[in-house]
Every structure is written in structure tokens, then in C-alpha cells.
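Chemist: Please read through the structure below; I'll follow up with questions.
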Amino acid sequence: VDRHVKLLSELDNTIENNALPTTKQYRKFVALTSRPAGAVEHPAGAPLELTCAGVGAPAPSVRWFKNDAPIYEHDLESNEIIDANPTSLARVTSSLLIPTTQDQDTYTCVISAGLKTARASTIVYSDGDGSTDEQERAKLTPLTPRILVSYKVFIDLIGNSIVLPCKVRGHPRPHVTWKDNKGNFVKNNPRMKVLRSGELVISSLRWTDMGEFTCHAENAFGSKHATTFVYPAKAG
């Protein structure tokens, strides 16, 4: 893990010195850089948020499991990249919102990059009754926006098309917008497009695209934002 985190730091220094990073150092790997606690109590009347983070090449995706079964709601709403470019490298953060817990459940975060995976599990204990009524009330409770999946750093070859995820949750559903690396809202740009799912697609990556792209989620109860630093790299 330290070697790959060091690689990202070296790329930071490369950018500061105005030199193009290259992908020749990349090997296929995935590693967790942050994981939830091994056991957590879920207070009644409020959603519980679990978060894990990792780094991988190619750019990793994240799936969550409850008692070894996939959480399909999370997958259906997810904006994560399933087939990332093999030349990409990224640092990802993913969170899961749990409305209620009955008795106890085991949640597992699985980060995948190519054929490699890393995982972390958490046992969640109930502090309430977890009844059906409580679950239905939780669905109707106003919720400020949460950005549950985003890349913190994304590296890929100049000329490739990339997809930056921005998975959001809130009630009512938040509206998602993106700002480019110049601080301008992404609209009417032939190379950049915000999908209905919240993802930002950048076609034909250029050196001038280097910088922070910001996802902004807003509803009637508040707003949140997340930034992704994009590194255009040269082959070699």
C-alpha cells in the first residue's frame, strides 16, 4: 500500500514541476486505505453511514454487501465505473447509508480493480427496534445531500475518455452539477457531459484538463460537494 500511495505523492511532485506523469510505473493492484470500524452501534431514528476508501489500477469500483448478499439498491443507484480504462489509476471513496438495523448485520465493502479485490467488514448492532414502521419512516425523513461515491484522484492517458462518478443520496433527491478545472459549470461543452446519473464524462483527455473537477449536489435541505483531481498522463 505504501508504495502505491508514494506513487501518487510522486505524481503530485511531478505536476508541481510541470512535467507530464507517465503510466509506465503502474502495476495492477488494489488496496484499502481507510475502512470502517470493526463494530458499530446504530442509533435509532437516524441513518448510519459507513465509509471505506482505496486506491487501485485500473481505477477501482466499489460494491457493498449485507450478510454476504449484494445490496442491489446501492448498485442500481451507483455511478461507479464498471469497466475502467486499463491504463487508469485512482483513489476512490465510497459510503453506504443504512436507514435502520434490526438485531445485527454484517456489512462488507469490496473494492475491485481488474481481477484484484480488497475487502473490509463491519458488524452493525441495533439501538432500536428496526421494525417495518421505523424503516418506512426513515425513507420519508428529509435528508441533506450525501455524496457516497467519488474519486479523489484520477489518472489516465491523454486521449482517453474518462468517467468521473458522483453517487448521491438525499431526500428529496439532490440535483447534481459539475464544475470544470477552471471553475466553470459544465454545459454546452462538446467534450464534457454530465449524465442523468450524475457522472461526468470527459472525452479525449487533454493536458489542459489537469486540475480539480467538482461535483455539487443540492436539495431543499442543503448541499455537498466533492472534488476529483484529474492527472492527464503520457504513455511510456
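The values are calculated or read from the model by the stated rules, or taken from the named source; none is laboratory data. A quick note: this is a predicted structure, and the numbers were derived from the prediction, not measured. Here the Cβ is made from the backbone with ideal geometry for all residues, glycine too, and neighbour counts use every protein chain on show.
Chemist: If I ask for residues that are closer than 22 Å to P145 by Cβ and either at pLDDT 95 or above or part of a strand (DSSP E or B) (or both), which ones from the range 71-90 would you list?
Modeler: Once the filter is applied, which keeps residues that are closer than 22 Å to P145 by Cβ and either at pLDDT 95 or above or part of a strand (DSSP E or B) (or both), the range 71-90 yields nothing.
Chemist: Report, by residue number, each residue of the range 97-126 that is assigned to a loop (DSSP other than H, G, I, E, B) and under 20 Å from V55 (Cα atoms).
Modeler: G114, L115, listed by residue number.
Chemist: Of (1) farther than 20 Å from I147 by Cβ; (2) modelled with pLDDT of 70 or more, L48 satisfies all except one. Which?
Modeler: Here L48 clears every test but (1).
Chemist: Quick check on the range 216-236: of everything there that is part of a loop (DSSP other than H, G, I, E, B) and of a type outside the set (F, W, Y), which residue is modelled with the lowest pLDDT?
Modeler: G236
Chemist: I've got another one for you. For residues in the range 183-215 being in a loop (DSSP other than H, G, I, E, B) and hydroxyl-bearing (S, T, Y), which is nearest to the chain's Cα centre (by Cα)?
Modeler: The initial filter retains those residues of the range 183-215 that are in a loop (DSSP other than H, G, I, E, B), namely 183-184, 186-188, 190-191, 195-199, 203-206, 210.
Okay, now just the ones that are also hydroxyl-bearing (S, T, Y), so 197, 203-204.
On the way: S197: 13, S203: 20, S204: 22 Å.
Ranking the candidates gives S197 first.
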